[in-house]
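Have a look at the structure below, then the notes.
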Amino acid sequence: MQVDDPVAAYRKLRSEVDRYAHAAGRDPAGVEIVIASKTQGADRIDPLLVEGCRAFGENRVQEAAEKWPALRERTPDLELRMIGRLQSNKAPQAFQLFDVIETVDRESLALAIAREAQKTGRCPALYVQVNTGCEPQKGGVLPNQADAFIARCRTELELPVIGLMCIPPSEGHASPHFAMLAQIARRNGLADLSMGMSADYPLAIQLGATHVRLGSAIFGER
Ligand SMILES: *Cc1c(COP(=O)(O)O)cnc(C)c1O
């Protein structure tokens, strides 16, 4: 079912997020809601911008290019995040659209991003995606290769990696995956943790999420 009033849903979620943060002994200001706005038109997004929401996640470069430049004109302090799989040849377009790329998940993409950063003299903030469930159909570096990949990105390619992101398997308990991501972040000195979606964000907050990516809880089923 589609939610009639995404702003009301957002307000309720924000207070839930605050409540879960408090319960975990954390500062609610340290947990940002990233609104996953894939498939939503500007008419559904605009009221959230008016409400003051600034962090949005999109899954596809093409869709983001169609929707966001016009919205950004009215909301320059927007923070648009790439949360879907990024093809290396779309890195140049992603640089123009996104403030954060959460899905750096393989060597070829890291190289394409490094090339684009060289060329443009700037770079979006980057998260490394970790395939915590080792699922073949999912993006992300394998957990046992995460440390080496993060080091290569930061040290050799001089990329601004500031966080980690994961999408746990749809079946089973998410907590071991969130705990693993938090542990990898801690030992690599990475501050940002993008984990938790509509179904499991309370658990993610408990385990240290700094960014929860919420779609259906705000807009309804896609
Ligand atoms: C769609 C999407 C979300 C939001 O999922 P919901 O279950 O609708 O909250 C979060 N992260 C990614 C990568 C997504 O594609």
Which ones in segment 182-217 are over 16 Å from the mean Cα position of the chain (by Cα), more than 16 Å from the ligand (Cβ to nearest atom) and in contact (Cβ under 8 Å) with a residue 40 or more places away in the chain? Ile184, Arg187, Asn188, Gln206
When you check Gly220 against the structure, is it within 13 Å of the ligand (Cβ to nearest atom) and over 27 Å from Pro28 (Cα atoms), yes or no? no
Under the condition of being out of contact with any helix residue (DSSP H, G or I) (no Cβ under 8 Å at 6 or more places or on another chain) and charged (D, E, K, R), which residue from segment 90-118 is nearest to the ligand (Cβ to nearest atom)? Glu102
Do we find that Gly140 is within 17 Å of the chain's Cα centre (by Cα) and closer than 20 Å to Val34 by Cβ in this structure? yes
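Residues checked against (1) in contact with a strand residue (DSSP E or B) (Cβ under 9 Å, 6 or more places away or on another chain); (2) over 24 Å from Phe56 (Cβ atoms); (3) touching a residue at least 60 places away in the same chain (Cβ under 8 Å); (4) surrounded by fewer than 17 Cβ atoms within 10 Å (Cβ to Cβ):
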residue: Gln93; (1), (2), (3), (4): no, no, no, yes
residue: Asp99; (1), (2), (3), (4): yes, no, no, yes
residue: Thr103; (1), (2), (3), (4): yes, no, yes, no
residue: Arg115; (1), (2), (3), (4): no, yes, no, yes
residue: Pro124; (1), (2), (3), (4): yes, no, no, no
residue: Gln129; (1), (2), (3), (4): yes, no, no, no
residue: Gly140; (1), (2), (3), (4): yes, no, no, no
Filtering segment 11-57 for residues that are out of contact with any Pro (no Cβ under 9 Å at 6 or more places or on another chain) and within 13 Å of the ligand (Cβ to nearest atom) leaves a count of 10
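Of all residues being of a type in the set (Gly, Ala, Ser) and surrounded by 14 or more Cβ atoms within 10 Å (Cβ to Cβ) in segment 142-177, which is nearest to Val100 (Cα to Cα)? Just the residue, please.
Step one: list which residues in segment 142-177 are of a type in the set (Gly, Ala, Ser), which gives 146, 148, 151, 163, 170, 172, 174-175.
Remaining after also requiring surrounded by 14 or more Cβ atoms within 10 Å (Cβ to Cβ): 146, 163, 174-175.
Values: Ala146: 19, Gly163: 10, Ala174: 24, Ser175: 25 Å.
It comes out as Gly163.
May I ask you to say which residue of Glu66, Glu73 is within 26 Å of Gly41 (Cα to Cα), in a helix (DSSP H, G or I) and modelled with pLDDT under 95?
Exactly one residue qualifies, and that residue is Glu73.
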Only residues in segment 13-39 that are free of Cβ contacts under 8 Å to residues at least 40 places away in the same chain count as the first member; pair them with residues that are part of a helix (DSSP H, G or I) and aliphatic (A, V, I, L, M), Cβ under 7 angstrom, at least 6 apart or cross-chain, and list the lot. Asp27/Ala21; Pro28/Val17; Pro28/Ala21
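Which residue, of Glu171, Glu116, Glu135, Glu156, is charged (D, E, K, R) and modelled with pLDDT under 95? Give the steps one after another, and end with the answer.
Working: Glu116 fails: modelled with pLDDT under 95; Glu135 fails: modelled with pLDDT under 95; Glu156 fails: modelled with pLDDT under 95.
The match here is Glu171.
The values are calculated or read from the model by the stated rules, or taken from the named source; none is laboratory data. Note that the structure is a prediction, hence the values are computed from the model and not measured. When we count neighbours, we look across all protein chains shown, and the Cβ atoms used for this are built from the backbone with ideal geometry, even at glycine.
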